[in-house]
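Written out below as structure tokens is the structure these notes cover.
What follows draws every value from the coordinates through simple rules; no lab data is involved. Model, not experiment: these values are computed from the prediction. So basically every Cβ, Gly included, is an ideal-geometry build from the backbone, and we count neighbours across all protein chains shown.
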Amino acid sequence: MNEPKPIEIEAAQVEQLIGKAEQGTLDGAEQRRLVPLLKTLLWLQHTLLSTRISLAKLQRILFGKKTEKARRKPKDPHEGEPGDGNGSGGPAGGEDPPAGNGPLARASDGPPSDSHGAERRGHGRRAAADYPGAETVFCPVQTHHSGARCPHCGRGRFYPSQPLVRLRFTGQPLALVTRFELQRLRCNGCGAWAVASMPPQVGAETYATSLKVNLAVAHYHLGLPFKRIESFQDLLGMPLSDATQWELVEGVADSAYPVYEHFKSLGAQQPLVYQDDTGARILSLIKENQSEPAPKRQGMYTTALRFEGEHSICLYFTGRQHAGENLDAVLAHRDPSLPPIQWMSDGLAANTPKQHKDQTLDLNCLVHGRRQFTDIDAYFPHECTRVVDAIAEIYKHEAHCQTQRLTPAGRLAYHQENSAPVMEALKAWMVQQIEQRRVEPNSRLGGAFDYLLKRWESLTRFLSVPGAPLDNNAAERALKMILRLRKNSLFYKNEHGAYVGDVLTSLIETCRLAGINPLDYLGALMENRTAVFADPAAWLPWNYRDHLGETNPPAPLRHPPPVLGQFDRLGVAVPQ
């Protein structure tokens, strides 16, 4: 029985529905309002009788999930005033004061002084350099030319200077259709035809490569279902059926899958991999599950493997295999002479690469460990606050390492000096709580303590291994694109469709991480399909331009574009 969605309804409305139900006067709208309430009641009764569920989990299901952010302490209104010992009139802690005297403060009020700390990110307009994909149109001065005498003073002469840049944004359909009417002339004597030719700049194919790659990115990155795109094109009078869209997108994957397969062996040689998975829906496999006899394994998953090294590579796998089995298949390509790959995951048994575990150094996610306590902080506030504050201290040290751009060795030394005492004190405190019987081992708090202590070595690799990350957030971010696609398009028809999705989402996400325009890259793969099949290693996102033969190749993006809904160091444009 599926979990019900949270229902927003007041008690008075429920009483009104009950009264009308007893009288038999419910109209159609009220009956539809009553159905989800009855389904929730049946699910609740079934769950309480046949399963074990905590009140906290039940609360999250019925009323929605709360944030995991720690509550901020209210600021003292007198804190930071002159004479309080802070050495400045600004607020304590180095936080930025409001600019000017209010929300309507003018720019002439001047920027804040250096003592107020660095300006917060995300403010101000983007620079013109942040639009490398924009079409450039040069506009010369019509009234004067370089070297001409100045009409204002009559003494000097004009000379070239840095041009001003003005941006203009226009809109266009996803699929733009051009109708060519070719004139035909017919001889009234012999009946011969004279037909005009198509313009030379127009290709021979009905559907241009640019349309095919646009559809691929719109569907697999933006999550737009083919049916929704079809509806949008119908509104504009330029219809494009969903079946046609699929055929065009399948053609993109047909030109790109050799690179996807090459990514497997290339990713296997990297020093670090982030791993996570989520559920998937494949109609052909669902039909298999309903057959007699049903297959032994009925689950369906999409695994994300993000490899970090000289280049960032992201691979997706959709099917019945668990995340550990997919990682096993990739590690089969790893050079045995290389040191073990750092393998970051959430610690589930299904994520373990059992066949190549000796080639991995397991790291576990601090955020997943923290979540064990944020879920129960309403019942054990003192103990949970102790753990959450300790982990927050570790992330403050990590933020310092990132701000100072420390090398892996320097970061390791900094964490050993500052974070190791925090983690050692936390472990000693948890062990003491258990040994002194202050925590019931079978309670939710005891289970949270056991989660950390059982994985302590993997959770604290950042204190012994250079470059070991703290958490698995990189894999969580990589799954955003899959979740967006699943929420909008719901399912794949068969395993072939799932493979096409894996190929295109892997290449698009890898392009994003490399700062490469995926439209240009996928278009290049389609236009050079024979060369791609002959040597996939020469057609990777970071080297494919070397084989295009262009005199002026487009400039690469200088930063990865943001993931939708995620703004952090992977997604913020930094003008240079």
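Structure values in brief
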quantity: Long-range amide H partners of residue 280 with built H, under 5 Å; calculated: 300, 301, 302
quantity: Listed peptides 7-19, 323-335, 452-464 by packing density, highest first (mean Cβ within 10 Å); calculated: 323-335, 452-464, 7-19
quantity: Estimated distance in nm for a label pair at residue 241 and residue 222, the labels positioned 7 Å out from Cα along Cα-to-Cβ; calculated: 2.3 nm
quantity: Difference of contour (0.36 nm per residue) and Cα-Cα distance, residue 43 to residue 488; calculated: 157.6 nm
quantity: R0 of 41 Å, Cβ-Cβ distance residue 169-residue 395: FRET efficiency to nearest 0.05; calculated: 0.60
quantity: Radius of gyration and Dmax over the Cα atoms of segment 164-292, both given in Å; calculated: 22.7, 78
quantity: Note, ³J(HN,Hα) from phi for segment 534-541, Karplus 6.51, -1.76, 1.60, rounded to Hz, x at Gly and Pro; calculated: 6, 8, x, 5, 8, 10, 8, x
quantity: Net dipole in debye of segment 325-396 [+1 Lys, Arg Cβ; -1 Asp, Glu Cβ; about Cα centre; nearest 20]; calculated: 80 debye
quantity: Cleavage-rule hits, GluC sites (Glu not before Pro), segment 276-318, DSSP coil, Cβ neighbours within 10 Å at most 16; calculated: 310
quantity: Most to least packed among 254-264, 34-44 [average Cβ atoms within 10 Å]; calculated: 254-264, 34-44
quantity: For segment 366-468: relative contact order, % (alpha-carbon pairs under 8 angstrom, 6 or more apart); calculated: 34 percent
quantity: Highest to lowest packing among 535-544, 421-430, 364-373, scored as the average C-beta count within 10 Å; calculated: 364-373, 535-544, 421-430
quantity: Residue-wise HN-Hα coupling along segment 313-326, computed from phi with Karplus coefficients 6.51, -1.76, 1.60 (Hz; x: Gly, Pro); calculated: 10, 10, 10, 10, 9, 10, x, 7, 6, 6, 4, x, 5, 5
quantity: Simple Cβ-charge dipole of segment 1-46, Lys/Arg +1 and Asp/Glu -1, about Cα centre, in debye nearest 20; calculated: 180 debye
quantity: Longest to shortest principal axis, alpha-carbon extents of segment 366-468, angstrom; calculated: 42, 23, 18
quantity: Centroid-to-centroid separation of segment 187-218 and segment 502-523 [C-alpha atoms, Å]; calculated: 29 Å
quantity: Under the Karplus curve 6.51 cos²θ - 1.76 cosθ + 1.60, θ = phi - 60°, whole-Hz ³J(HN,Hα) for segment 28-37, x wherever Gly or Pro sits; calculated: x, 5, 5, 5, 5, 5, 7, 4, x, 5
quantity: Simple label model, 7 Å out from Cα along Cβ direction - residue 284 to residue 388, nm; calculated: 4.7 nm
quantity: Sequence-distant residues sharing a close amide H with residue 363 (under 5 Å, placed H); calculated: 343, 344, 345
quantity: Simple Cβ-charge dipole of segment 366-468, Lys/Arg +1 and Asp/Glu -1, about Cα centre, in debye nearest 20; calculated: 200 debye
quantity: Two-site label geometry, residue 435 and residue 196: point separation in nm, points 7 Å out along Cα→Cβ; calculated: 9.2 nm
